[in-house]
Amino acid sequence: DLRKLTVISDGVGSGEDASKSSTAVVNMLDRLLSGGFSEEKAIEIVNNIVKLKGEDELYASLDAAIINQRNGECYFIKLGAAPTYLIADGKVVVITSNSIPVGLVEDNEFVPICKKLKEGDFVIQVSDGIVPEGSDINNNYLKNYLLTCDYSKSAKLIAQEIKEILYLNNGGALEDDATVIVNKIELN
């Protein structure tokens, strides 16, 4: 259907349990969206399933971008997630949400964010290992890099440069897992 889904989900805690919860959230969301559910309904179902599990520490952040490659509409689903950075018209726009993680959200608390993107714009999703919670989302090494980045580069090269800058800014060692997804908008 010419929609592209990219997702970062970070389970609470660490190790195998955190991995299981984030993997379950991503897989459920993918199946529901592929099955024709709307973004809002898919999130509601995922949230309710995680709640029904009733286990402590099963919660996970969710940062999803659903890009319509026909018209450039992009829906952002952000529940307990790190900021997303858009490069549009040569400007860096930060998308955030104060929502809490999947499994803790009450019904009707979630509202997707919709932006209209154009050919050549970028969507940069990161985990909290890249931009830690409590960081200044408008004044950090990632945003400073994005303000000076050459946007004629490929998404893969930009992701690689973000990784290199991350290691430089953290003395070569990471305290948390770090995930970055860079999408360059290509309309069909």
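The values are calculated or read from the model by the stated rules, or taken from the named source; none is laboratory data. Because the structure is a prediction, the values reported are computed rather than measured. Note that we place each Cβ from the backbone using ideal geometry, even for glycine, and neighbour counts take in every protein chain shown. Only protein heavy atoms, including side chains, enter the accessible area calculation; ligands, DNA and RNA are left aside. Shrake-Rupley method; radii C 1.70, N 1.55, O 1.52, S 1.80 Å.
In table form, for the structure just shown:
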item	result
Karplus 3J(HN,Hα) series, Hz, for region 29-36 with 6.51 cos²θ - 1.76 cosθ + 1.60 (x for Gly, Pro)	4, 4, 5, 5, 5, 5, x, x
Most fluctuating residue given options Ile49, Ile67, Ile130, as computed from a GNM of the chain linking Cα atoms under 10 Å	Ile49
Amide H partners (placed H, <5 Å) of Ser135, local residues excluded	none
Cα pair distances of region 83-188 binned at 5 Å [whole percent]	2, 11, 22, 22, 19, 13, 8, 3, 0
Within-12-Å neighbourhood charge of Ile162 [Cβ basis; K, R +1; D, E -1]	+2
Share of Cα-Cα pairs in the chain lying beyond 20 Å, as whole percent	54 percent
Size-normalised alpha-carbon gyration radius of region 121-175, reference 2.2 N^0.38 Å	1.11
Heavy-atom accessible surface of region 128-188: percent carbon and sulfur, 1.4 Å	48 percent
Amide proton proximity set for Ala82, modelled H, under 5 Å, gap of 5+	Asp128
Solvent accessible area, Å² - Arg70, 1.4 Å probe, full protein context	140 Å²
Computed lengthening from Asn71 to Leu157, 0.36 nm per intervening residue step minus Cα-Cα distance	28.4 nm
Accessible area expressed per residue, the chain, with surrounding protein chains retained (probe 1.4 Å, Å²)	52 Å²
